[in-house]
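Just below is one structure, and these are the notes that go with it.
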Amino acid sequence: MYHISDVKKYLRCPKLFWLSEREEALPFNSYVRLDEAVTTLACEKLEIKEHFLGTRGDDPQKTLDAMKEMDWIVKGRFEYKQLRVKIPFLHRNGDVWDVYFLFCGNRPKDDDMNFYCASTWVLKMNKIPLGEFRVLHFDENYVRGDKLSAQELFKITSMFYNDKGNPSKEIKETIQKRMRNLEETLNNMDEVLKLDNVECTRQNKCTKKNKCRFYETCFPDEAQIPNDSILTLVSSQYKYEMFEDGVDSLKDAIPEKIEGSRQQYAQIMASKMGGLYVDEISLRTWMKKIKMPITFLDFEWETYAIPPYKGMKPYDVLPFEYSIHILHEDGEIEHKEYLGTKDCRLKLVENLISDIPSTGTLIAFNAEGAEKIRLKEMAAQFPQYAKNLMDLYTRMMDLSFPFALGTVYDVRMRGYYSLKVIMSFMENQTGYHDLDIHQGMDAVFQWRLLDKEIDEVDPDEIREHLSAYCSMDTYAMVVVFNWLKSLLKKSDN
Ligand code: SF4
């Protein structure tokens, strides 16, 4: 039996589908927290009283039988040619059935058409007469009061939204236009599974958006490639083509086959200059804006699909921890931190304001994409502290800029721009490998155990690990900042 996720994997890459079928299923841990029974809330929104509720492993015939008696079918299972789908809601409307999909996000777009089209195709092949198509989704403007309101939390739409957030395409019409017969695809999937191996070559799809989780399995020799291999070229459409054509090193990149971004320029120059490229004028200009004392700040936060506390909106985040390292004029380094559980937002804000010096620059790595946004969100949620928080916001600079803008590139970064990667080649430094938590999401998963007060876990141990991880982030910023400074000193000598 296949699910839509299998079809999606196959369509992305047959080898991905083949490998997924052979691996043991891992427990799924979502990066978004969804504690509430979302189907129950959606039933409330749709004012469903009596209904048939499908469950995992149901024989699809059970759903078809229920459709003879009931007007609402919730989570009904349907199957055709081994493809099994779960339809969130079907509602009898005269001689036809209206379909309600459930999108646990703020604005459904037409970027997951494989899901909508495959679901509809299976319904059609089961000869179910279909009427209107709608999607239930969260209302991004809903602000939770004391209680959660299902009526206000959801919106119902018959249109997909575009990137600007406006309704743009009829859902029903788009599905009808894009729906394909999947029989051939399903037959091909059967054939692929019979193979002992599936040949593959490196392609853009292997690293596009998110690097494929099987990348190291498919290309085990990748770890051995030199630091300045052409394969490390970022945002490159033609790097695999150049590699196949015999171009090994960044310095030999074919000019007509590079996009010419500043990052690419820095990479190629680093390869030509023995491993390191520094745009000194640009780095010096960036450094001049920084005022002492410097506060390096890092937040950890949880993302909630459904707002758990008053004043929060769908997909709001709740910062639960921060670490700061303060670098004083005399070189002394001070460390402060906060870690809370449940609704600790106000306490975190108050501590943050009192912990950070009233003057000097704040620095975060990827500040524009994270810490600055968090400060703005907290300012909106706690207007009594908005002025203080926006003051921190205006004093904040982004340590990732010199790397992201191609001001500095070291070939040991191998095309990656994270703090962990840069820290990994700083000499004489303890690094992330010494920690029990290695990734931001591991920290969130650990905090969930603490927040949910799970009996089996030791809260003190989790607190210790979380504190070590968040502190490492700000400590690493101090190290990387000092390294950038040292690059300028070297050229001054
Ligand atoms: S790394 Fe590339 S070839 Fe291998 S499974 Fe993933 S997408 Fe397919």
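The values are calculated or read from the model by the stated rules, or taken from the named source; none is laboratory data. Values in this document were obtained by computation on a predicted structure and should not be read as measured data. No Cβ is skipped: glycine too gets one built from the backbone with ideal geometry, and neighbour counts run over all protein chains shown. Ligands, DNA and RNA are stripped out before the accessible areas are found, and what is left, the full protein with its side chains, is counted by its heavy atoms. Shrake-Rupley method; radii C 1.70, N 1.55, O 1.52, S 1.80 Å.
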> Only one of (1) under 22 Å from Ala305 (Cβ atoms); (2) surrounded by fewer than 18 Cβ atoms within 10 Å (Cβ to Cβ); (3) in contact with a Phe, Trp or Tyr (Cβ under 9 Å, 6 or more places away or on another chain) fails for Val74. Which number is that?
Replying inline: (2)
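Hey, among the residues in the stretch 13-38 that are open to solvent by less than 30 Å² (accessible area, probe 1.4 Å) and more than 30 Å from Gln203 (Cβ to Cβ), which one's farthest from the ligand (Cβ to nearest atom)?
Let us first name the residues in the stretch 13-38 that are open to solvent by less than 30 Å² (accessible area, probe 1.4 Å), namely 13, 15-20, 32-33, 38.
After this cut, where a residue has to be more than 30 Å from Gln203 (Cβ to Cβ) as well, the list is 33, 38.
Values: Arg33: 28, Val38: 31 Å.
Filtering the stretch 13-38 for residues that are open to solvent by less than 30 Å² (accessible area, probe 1.4 Å) and more than 30 Å from Gln203 (Cβ to Cβ), the one farthest from the ligand (Cβ to nearest atom) comes out as Val38.
Going residue by residue through the stretch 82-90, is there one that turns out to be open to solvent by 60 Å² or more (accessible area, probe 1.4 Å), assigned by TED's automatic domain parsing to the domain that holds Lys169, under 25 Å from Tyr31 (Cβ atoms) and modelled with pLDDT of 95 or more?
Narrowing the stretch 82-90 to residues open to solvent by 60 Å² or more (accessible area, probe 1.4 Å): 82, 86.
Keeping just the survivors that are assigned by TED's automatic domain parsing to the domain that holds Lys169 gives 82, 86.
After this cut, where a residue has to be under 25 Å from Tyr31 (Cβ atoms) as well, the list is 86.
Next, only the ones that are modelled with pLDDT of 95 or more stay: 86.
Looking for residues that are open to solvent by 60 Å² or more (accessible area, probe 1.4 Å), assigned by TED's automatic domain parsing to the domain that holds Lys169, under 25 Å from Tyr31 (Cβ atoms) and modelled with pLDDT of 95 or more, one finds at least one in the stretch 82-90, hence yes.
Take the stretch 454-467 and flag every residue that is surrounded by fewer than 21 Cβ atoms within 10 Å (Cβ to Cβ) and either within 23 Å of the chain's Cα centre (by Cα) or in contact (Cβ under 8 Å) with a residue 40 or more places away in the chain (or both).
Answer for the stretch 454-467, where residues must be surrounded by fewer than 21 Cβ atoms within 10 Å (Cβ to Cβ) and either within 23 Å of the chain's Cα centre (by Cα) or in contact (Cβ under 8 Å) with a residue 40 or more places away in the chain (or both): Arg463, His465, Ser467.
Any idea which residue in the stretch 190-237 is nearest to the ligand (Cβ to nearest atom), counting only those that are in a helix (DSSP H, G or I), surrounded by fewer than 17 Cβ atoms within 10 Å (Cβ to Cβ) and of a type in the set (A, V, I, L, M, F, W, C)? Before you say what the answer is, go through the steps one by one.
At the first step, the residues of the stretch 190-237 found to be in a helix (DSSP H, G or I) are 190-194, 204-207, 215-218, 220-224, 230-232.
Filter once more, keeping what is surrounded by fewer than 17 Cβ atoms within 10 Å (Cβ to Cβ): 190-194, 204-205, 215-217, 220-224.
From the residues that got through so far, the ones that are of a type in the set (A, V, I, L, M, F, W, C) too are 192-193, 223.
Details: Val192: 12, Leu193: 15, Ala223: 14 Å.
Checked the stretch 190-237; the qualifying residue nearest to the ligand (Cβ to nearest atom) is Val192.
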> Just one of the numbered conditions (1) open to solvent by 70 Å² or more (accessible area, probe 1.4 Å); (2) within 28 Å of the chain's Cα centre (by Cα); (3) modelled with pLDDT of 95 or more is not true of Asp163; which one?
Replying inline: (3)
>> For the stretch 238-259, which positions are free of Cβ contacts under 8 Å to residues at least 40 places away in the same chain and either in the same structural domain as Gly406 (by TED's automatic domain parsing) or open to solvent by less than 60 Å² (accessible area, probe 1.4 Å) (or both)?
In response: Lys239, Tyr240, Met242, Gly246, Val247, Ser249, Ala253, Ile254, Lys257, Ile258
> Can you tell me how many residues in the stretch 1-12 are open to solvent by 70 Å² or more (accessible area, probe 1.4 Å) and away from the ligand (no atom under 16 Å from the Cβ)?
Replying inline: 2
>> What are the pairs with Cβ atoms under 7 angstrom where one residue, in the stretch 173-186, is assigned to a helix (DSSP H, G or I) and the other, located anywhere, is acidic (Asp, Glu)? Sequence gap at least six, or different chains.
In response: Thr174/Asp110
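Condition check: in the same structural domain as Ala476 (by TED's automatic domain parsing), of a type in the set (Phe, Trp, Tyr) and open to solvent by 50 Å² or more (accessible area, probe 1.4 Å). Does Tyr322 satisfy that?
Details: in the same structural domain as Ala476 (by TED's automatic domain parsing): yes; of a type in the set (Phe, Trp, Tyr): yes; open to solvent by 50 Å² or more (accessible area, probe 1.4 Å): no.
Criteria not met by Tyr322.
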